[in-house]
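Have a look at the structure below before the remarks.
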Amino acid sequence: MNVIADQGVRRGRKFDQVLDGARKVFLRDGFERASVDDIAREAGVSKATIYAYFPDKQLLFMEVARCECHRQTEAAEALMAADLSVRAALTVAAERIIAFLMSEFGQRMFRIVVGEGQRFPGLGREFHDCGPGLIHERLVHHLGAYVDSGLLSIDDLDLAADQFAQLCKAGIHERLIFGMAETVTPDEVHRIVHGAVDMFMARYGARTLPAG
């Protein structure tokens, strides 16, 4: 179910145009400083058009976040062929999670939500639901399928999905968010991806008992 749409968002001919303009302004100015006037100017539409689609700025912000997170998730899903081994599927998932963490969008949205969460308490929860929460949901789904196939042994899928996502952040998330590094080298990404997958498989990989 699309919660954003249920809250009063309407679609129209210039909907994508508005989202593109809003995305640029939010990433440039943050949530609080972004004005509807600036968004209208960037999108090349009138304020009336924006208000016809979005009753308030928070819904517009969340739709920008939701669309980007869904785009990233769908890109990852497209790589998850049904015949992939567990290790290969986890490697794809880890690479996509890290790519999002390293992206300009991922870093700036995180800073916006954390920085303005006190003034807008619902912002963090809504961003979680359409971002990290969506990733968690898809991880649980895929891990569950591998458990059903006997390829993984997991009692608590929610915990395992959270653990895997956190393993993918090791050595990256804090350095980028705190400005300690502007980017992460391909060698570092490779090291973190394969370290995360190795540790996860060591804990949850199904073990066959020796015959006899």
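All of the numbers you see were taken from the coordinates with simple rules; none came from a lab. Quick caveat: nothing in here was measured; it's all calculated off a predicted structure. Using ideal geometry, Cβ is built from the backbone for each residue, glycine included, and neighbour counts are taken over all protein chains shown.
Rule-of-thumb check for region 69-155: C-alpha Rg over 2.2 N^0.38 Å? Walk me through the intermediate numbers first.
Values: Rg = 15.0 Å, N = 87, 2.2 N^0.38 = 12.0 Å.
Expressed relative to 2.2 N^0.38 Å, the Cα Rg reads 1.25.
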Subject >> Under 16 Å between alpha carbons - lysine pairs in the chain that sit 8 or more apart or on different chains >> reply: 4
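For region 137-187, what does the alpha-carbon gyration tensor say about shape, rounded, prolate or oblate, given a ≥ b ≥ c as the root eigenvalues, a/c under 1.5 as rounded, and a/b over b/c as prolate?
Numbers: a/c = 3.79, a/b = 2.77, b/c = 1.37.
Cα axes put region 137-187 in the prolate bin.
Between residue 77 and residue 185, what is 0.36 nm times their sequence separation minus the Cα-Cα distance? Round to one decimal in nm. Before the final figure, lay out the partial values.
On the way: separation 108, 0.36 × 108 = 38.88 nm, distance 2.46 nm.
Here the segment from residue 77 to residue 185 would lengthen by 36.4 nm.
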Original post:
What are the residues whose amide H is under 5 Å from the amide H of residue 152, where those residues sit 5 or more places off or on another chain and H is modelled from the backbone?
Top reply: 147, 206
Original post:
³J(HN,Hα) across region 130-144 via Karplus (A = 6.51, B = -1.76, C = 1.60, θ = phi - 60°), whole Hz, x for Gly/Pro?
Top reply: 9, x, x, x, 5, 4, 4, 4, 6, 4, 4, 4, 5, 4, x
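By how many nm would the segment from residue 108 to residue 158 lengthen if fully extended, with 0.36 nm per residue of separation less the alpha-carbon distance?
Values: separation 50, 0.36 × 50 = 18.00 nm, distance 2.68 nm.
Between residue 108 and residue 158, full extension yields an extra 15.3 nm.
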Original post:
Under 17 Å from the 7 Å Cα→Cβ point of residue 85, by amide nitrogen: which residues of region 152-175?
Top reply: 152-153
Subject >> Degrees, to the nearest 10: 157-169 long Cα axis against longest axis of the chain >> reply: 80
**OP:** At 0.36 nm per residue, minus the direct Cα-Cα distance, what do residue 177 and residue 137 gain on full extension? Give it in nm, one decimal, please.
**Re:** 12.0 nm
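At 4 °C and 1.567 mPa s, what whole-number value in µm²/s does Stokes-Einstein give for the translational diffusion of the chain, with Rh from the Kirkwood sum over Cα pairs? Mind showing how you got there, number by number?
Numbers: Rh = 18.9 Å.
Rounded to a whole number, D works out at 69 µm²/s.
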